[in-house]
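Notes follow the structure.
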Amino acid sequence: MRVVLALTLAFAAGTAAAQDFSFTPAPQQPDFKSVSQDVIAVTSYKALGPAEAGGVTGFSVGVYGSYSATQDKSAWQRLVGEKVEAVGVAGLSARKGLPFDIDLGAMYSQVPGTDAKLFGGEVRWAPLPGGVATPAVAVRASYVKLTGEDDLKADSKTLDVSVSKGFVFVTPYAGLGYVWGTVDPSDNFPSLSKVEVNKGRFFAGARVSLGFFEVTPEYEKLGKSDVFNLRLSLGF
């Protein structure tokens, strides 16, 4: 239900008027630090796919959504003056297979109810590309930048390793990694300073292929945050 809610919130944002993510007149550093954990948990790059290499003819494009309940609702209330139960994002993503078992990916998304926009990309290499009888293993480096808000900006870098094995039309996968995130307040708030969110992450999911149509639900644990992700895509 949570991944469905993430997509619902995200698609509704496309028709809703965007609002500024504005801090209260006297924001406090502990609240900003707490909120930053949620921001990086949801906006960092999501795997949303197995480890197997796409191949030179491989290509997929789709929509995705992410959802996570906020860890400290009181901190959000004090920082932005509103009750925030959860944070969600949604947007578009694409991947293209290249020679030597390398895949490139890119994403663009928005945070519903705000002006925040996310741009990101990934480079993935599968030293073990996978086969009929063998699992695939891949390493990935990714980057995401959050822009569009007057009161903050953020970015994150991620390294991870994942493993997957296909069974007929279902390909389960799991992985471990680390996220280096930074959330910077605007110069208009001298009482606040940059927050670094450096956390380990675990993720697991499964790609279900129905012809060219693919459904990929995924669970991610980043620090203390439970993040629920879903991708709907066309794969070739």
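For this structure, a couple of remarks:
- Site pair Thr182 and Val215 shows an inter-label distance of 4.1 nm when each label is modelled 7 Å from Cα along Cα→Cβ.
- Principal-axis analysis of the Cα atoms of the chain puts helix 29-43 at an angle of about 20° to the longest axis.
- Among 120-133, 42-55, the peptide with the highest mean count of other Cβ atoms within 10 Å heads the list, and the full ranking is 42-55, 120-133.
- About its Cα centre, the dipole of segment 71-148 is roughly 60 debye, where the only charges are +1 on Lys and Arg Cβ and -1 on Asp and Glu Cβ.
- Other residues whose C-beta falls under 11 angstrom from the C-beta of Gly97 contribute a net charge of 0, scoring Lys and Arg +1 and Asp and Glu -1.
- Cβ-defined net charge surrounding Lys83, 15 Å radius [Lys, Arg +1; Asp, Glu -1]: -3
- In the structure shown, the pairs Lys117/Lys165; Lys153/Lys224; Lys73/Lys153; Lys96/Lys194 are assessed against 30 Å; a Cα-Cα span above that value is assigned to Lys117/Lys165; Lys96/Lys194.
- In the chain, inverting the average of 1/r over every pair of distinct C-alpha atoms gives 18.1 Å as the Kirkwood radius.
- For segment 70-197, the spherically averaged projection of the C-alpha convex hull amounts to 9.8 nm².
- Nearest-ten-degree value, helix 2-13 long axis tilted from longest Cα axis of the chain: 60
- Basic side chains Lys and Arg get +1 at the Cβ, acidic Asp and Glu get -1 at the Cβ, and with that the dipole of the chain about its Cα centre reaches some 560 debye.
- Here segment 118-179 is treated as a sphere whose radius is the Kirkwood value from Cα pairs; by Stokes-Einstein at 20 °C and 1.002 mPa s it diffuses with a coefficient of 159 µm²/s.
We did not get these values from a lab; they are worked out from the coordinates using the rules stated. All values derive from a computational prediction rather than experimental measurement. Every residue, glycine among them, receives a Cβ derived from its backbone with ideal geometry; neighbour counts consider all protein chains shown.
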